[in-house]
Amino acid sequence: MCSFVRLRIQTALWGTGIAALLALGCAAPGTVPSSATVNVEVRQALEQFNTAAAAGDVKACLALFEDRADILLVGSDKGEVFKGPAALEGWLGGLMRGNRFSWEMDRVDLSHHGDTAWAFVEGRMVVKDPAGKLRFKAPYRFTAVLVRRGQGWAWRLFHGSAPGKE
């Protein structure tokens, strides 16, 4: 009889403990990614874009963006505001026809809330010709807004800037 009572007490304590964890917002492992996990995933999204742009692969660049009419790419020059997949594809296609772009990312600040993440990147833009010959490097900054897509992140906004002397 004693072991039966002990078993009932243990079961009640386990049930109470699990209920308390759920009430406190603790989820089962793997359901809510940690900040460290999100940071790794967002850095991967930055690197994927960097790799696609360095290869001049317009389709790969576009595949990293959300498939929405309100995606936005804002370049660093006057008039470089492109909204929607067709506008991005047209501009990137013309830009990458004779150039390859990549970024040396010296500073990367990341943050997120739920299924939205944002990045501030500072460093240099590297421009090469299609054969890989360096054309120039210039100071460059960009911000990105990304949203969770499955196990990864999709771009919703790219906003670049070429800072002057500070």
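From the list F82, F120, F65, which residue is surrounded by fewer than 18 Cβ atoms within 10 Å (Cβ to Cβ) and aromatic (F, W, Y)?
One residue alone meets the criteria, F120.
With (1) buried (at least 16 other Cβ atoms within 10 Å of the Cβ); (2) under 18 Å from D77 (Cβ atoms); (3) not aromatic (F, W, Y) as the list, and N99 as the residue in question, which single condition is left unmet?
(1)
For L88, are the conditions met, namely being modelled with pLDDT of 95 or more and farther than 20 Å from G150 by Cα?
yes
List every residue pair whose Cβ atoms sit under 9 Å apart, with the two residues 6 or more apart in sequence or on different chains, where the first one lies in region 56-67 and is of a type in the set (G, A, S) and the second, anywhere, is surrounded by fewer than 17 Cβ atoms within 10 Å (Cβ to Cβ) and assigned to a helix (DSSP H, G or I).
Final answer for the pair search is A60/T51.
Among (1) more than 18 Å from G160 (Cα to Cα); (2) over 17 Å from the mean Cα position of the chain (by Cα), which single condition is H112 missing?
So the condition that H112 fails would be (2).
Would region 145-154 turn up any residue that is in a strand (DSSP E or B), modelled with pLDDT under 95, under 18 Å from the mean Cα position of the chain (by Cα) and assigned by TED's automatic domain parsing to the domain that holds A53?
yes
The values are calculated or read from the model by the stated rules, or taken from the named source; none is laboratory data. Predicted model only: the values in this text are computed from it and were never measured. Please note: Cβ atoms are built from the backbone with ideal geometry, for glycine as well, and neighbour counts cover all protein chains shown.
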